[in-house]
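The values are calculated or read from the model by the stated rules, or taken from the named source; none is laboratory data. Because the structure is predicted, anything quoted here is derived from the model rather than measured. FYI the Cβ positions are ideal-geometry reconstructions off the backbone, even for glycines, and counts take in every protein chain you see. Each accessible area value is taken on the protein alone, full model and side chains, heavy atoms only, with ligands, DNA and RNA left out. Shrake-Rupley method; radii C 1.70, N 1.55, O 1.52, S 1.80 Å.
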Amino acid sequence: MDKQEVKEFILGAIREKLILFGVKETEVNEGFDLVKSGLLDSMAFVDLVADIEERFSIEIDFEKVADEPAFTSMGGLVKIILNA
């Protein structure tokens, strides 16, 4: 798994929300916060993480990463996934 593959998976998983909110995929850069932007609520974010865990056969420890300030940003999430 590489950075681009992870980003493409996340974008695919949130594509309907992007369309609904009128956000272009190109606008979802490293600093784009999936939760603070209002694109995903906390439950939708947890669902996204569960989908990521299943797709990449990893486990993300929420207690460990919850303190990461960028956890809900695209770049932060990708980093956590690649380091899992």
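Might you check whether a residue that is in a helix (DSSP H, G or I), open to solvent by 20 Å² or more (accessible area, probe 1.4 Å), over 16 Å from Glu8 (Cα atoms) and polar (S, T, N, Q) occurs anywhere in the range 50-73? No, the conditions are met nowhere in the range 50-73. Restricting the range 1-48 to residues that are in contact (Cβ under 8 Å) with a residue 24 or more places away in the chain, aromatic (Phe, Trp, Tyr) and part of a helix (DSSP H, G or I), the residue that is most open to solvent (accessible area, probe 1.4 Å) is Phe9. Residue pairs whose Cβ atoms lie under 9 Å apart, separated by 6 or more positions or on different chains, with the first residue in the range 49-65 and under 13 Å from Leu82 (Cβ atoms) and the second of a type in the set (Phe, Trp, Tyr), are Ile52/Phe9; Phe56/Phe9; Val65/Phe71.
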